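Following: one structure in structure tokens, then a few remarks.
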Amino acid sequence: MRNTLILFQKEWMELIRHYKWLWVPLVFLLLGISQPITMKFLPDILASTGSLPEGTMIQLPTPTSGEILGQVLSQFNTVGILLLVLATMGTISSEVRSGVAGAILTKPVSPASYLAAKWAAAMCLTIPAFSIGYAGAWYYTVQLFEPIPALAVLTAAIVALGWFCFIVTLAVVMSLWLASGAAAAFSTLAIALLFGLINLLWKDSYLLNPSKLIEGAQYMLMEQPPSFSVGVTVFMTLLLSGLLFAIGLWSATKRQSWLPADKGSY
Amino acid sequence: MSSLVIKQLTKSFGSHTAVHPLNLTIREGKCTALLGPNGAGKTTTLHMLTGLLKPTSGTVSLRTSAGKSVGSDLRPHLGFLPQAPSFSDWMTGREWLRFIGKLSGLSRKEAASRAGQWLETTGLAEAADRRIGGYSGGMRQRLGLAQAMIHEPSILLLDEPVSALDPIGRREVMSLLQSMKGEITLLFSTHVLHEVEELCDDLVLMKEGSIVKQGEWAELRKESEGTVITIEVERFSEMQDWLSSLSQLPSITKTEISGYTAALHTNDMNKARQALLQEVQRKRIPLSRFDAGVISLEQLFMEVVAR
């Protein structure tokens, strides 16, 4: 436990020194506030581009605040996920390759606490980045459109965050299993995409599909009853994340070599 | 100080066996050199001892000077300096040592003071607060040594500690090791032979994953004593002819010539020595070196490895 904390402090220092803790939340903030602003000025933007014939009346229904925040979640789900996965993709594999993992693990450190610290650091990037972006979106949406019940906004945030945490957990575990960061990023994104696809093809997939959380959160924001039990999906996501992390811990403990793959033989 | 007992240690990568069942005892407080050509399995063996690589089979255990036997996790008792030590290059040397010290179980305060001490000992005090990314190869090696020693292990394992260094860096690291000798059990792999001669008590020669010869360096030396005369001459016109003509001398069984030196294997040291010195006298050979009966490590190495 103590070692996990020491390793976590090092990870934290790295997030700060490499400005990851600055630019990832910043991009989320940008994504978050651009949505309400764009929606507000969309009619003006369309009018000023001038490609429409003279006298055309632009009649767009004013979106509700819930819809806008729902769109923000969709933005986070694409660009945001990509960003988070890129920021965590090599967190373990790059250290194994450079030999830093070896240096750490020749000291009396359990591989499990190494993985746990990596995971905790990734969470400490994901949760603030999401929260800052989402808070920015909320603020501008309320400023530019109508108010929205805080309870709905907050529960929706927590539900949606479950999906992001699941994907980032997956990215961390993948960086343990795969030797290259690119491969870890690719497989994580492929799995995220696969969950989205399952969602389209099989509507009862909420039982095992964490990506349903985004949809559930969007229902909550629009104050509509979801078509499925969000509670079950939240529970299943927690269970899946826990299982994934447990398998990660187990495989880290059982791992045969912490040496770079090309240096292992002699 | 501790001794290390290795039993039936094996490592296979698929169908390739890198280390064949290895049985070895590293004596307490001594310096043991693991010698062998590239690919002999030295580094693999060291990696298995540190736990970075899980052995296919076999055990490693440690006996402390207090008589306690440790069989499972040896890491608290071991220090390891890899061939090219790695660090988080964005940290400063001091930060890294403190971090590693804490991971080794030292308290925050202890880690800070030991880090300071070791930076001093390894001559890195001045660079302590610079980023490791800007360190030279020699500085990295010394930081690696400080990192390996920070928790005062009883055994220090080193993987070719100086082979990547320039002569100055080599001197620095060797003198550091020399100063630790006697206070700690040292095991290091190398193929730089002369440094072994000055530092080591015991010798383990490996080839293709197996031990081909082992023992105390002094004993091994004695064993082969009286069998080789090495001479070196200054350049002269008929040098080549003269050197090769030496095989005609009485009781010389084999000559090996390389450049200005010749190694003469003999079965009667006294006779061969007499004959050779007379020959030198008679032909006024500009002799620059004459070694009788002292086998050099390089000769032993070549002999064993070529076999």
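The values are calculated or read from the model by the stated rules, or taken from the named source; none is laboratory data. Since this is a predicted model, take the numbers as computed values, not measurements. All Cβ positions, even for glycine, are placed from backbone atoms using ideal geometry, and neighbour counts span all protein chains on display.
Quick look at the values:
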quantity	calculated
Unique match (being within 8 Å of chain A (Cβ to nearest Cβ), assigned to a helix (DSSP H, G or I) and more than 23 Å from residue B:185 (Cα to Cα)) among B:99, B:87	B:99
Among (1) in contact with a helix residue (DSSP H, G or I) (Cβ under 6 Å, 6 or more places away or on another chain); (2) assigned to a loop (DSSP other than H, G, I, E, B) - the single one residue B:152 does not satisfy	(1)
Out of A:100, A:109, sole residue that is touching a Ser or Thr at 6+ places or on another chain (Cβ under 7 Å) and either under 15 Å from residue A:11 (Cβ atoms) or without any contact (Cβ under 8 Å) to a residue 12 or more places away in the chain (or both)	A:100
Of residues in segment B:102-113 being more than 9 Å from chain A (Cβ to nearest Cβ) and not in a loop (DSSP other than H, G, I, E, B), the one surrounded by the most Cβ atoms within 10 Å (Cβ to Cβ)	B:111
Those residues of segment B:47-78 which are closer than 18 Å to residue B:146 by Cα and either among the β-branched types (Val, Ile, Thr) or facing another protein chain (nearest Cβ under 8 Å) (or both), in sequence order	B:50, B:75, B:76, B:78
Subset of segment A:1-21 [in a loop (DSSP other than H, G, I, E, B) and either within 9 Å of another protein chain (Cβ to nearest Cβ) or under 14 Å from residue B:96 (Cα atoms) (or both)]	A:18
Candidates B:279, B:298 - the one that is in a helix (DSSP H, G or I), touching a residue at least 60 places away in the same chain (Cβ under 8 Å) and either assigned by TED's automatic domain parsing to the domain that holds residue B:32 or surrounded by fewer than 16 Cβ atoms within 10 Å (Cβ to Cβ) (or both)	B:298
Single match in B:144, B:138 (criterion: at pLDDT 90 or above and in a helix (DSSP H, G or I))	B:144
Filter result (part of a loop (DSSP other than H, G, I, E, B) and within 14 Å of residue B:149 (Cα to Cα)) within segment B:176-217	B:183
Check on residue B:117, surrounded by fewer than 21 Cβ atoms within 10 Å (Cβ to Cβ) and assigned to a helix (DSSP H, G or I)	yes
Filter result for residue A:51 (modelled with pLDDT under 95, in a helix (DSSP H, G or I) and polar (S, T, N, Q))	no
Verdict on residue B:46 being buried (at least 23 other Cβ atoms within 10 Å of the Cβ) and not polar (S, T, N, Q)	yes
Criterion violated by residue B:198 - all others in (1) in the same structural domain as residue B:181 (by TED's automatic domain parsing); (2) closer than 30 Å to residue B:55 by Cβ satisfied	(2)
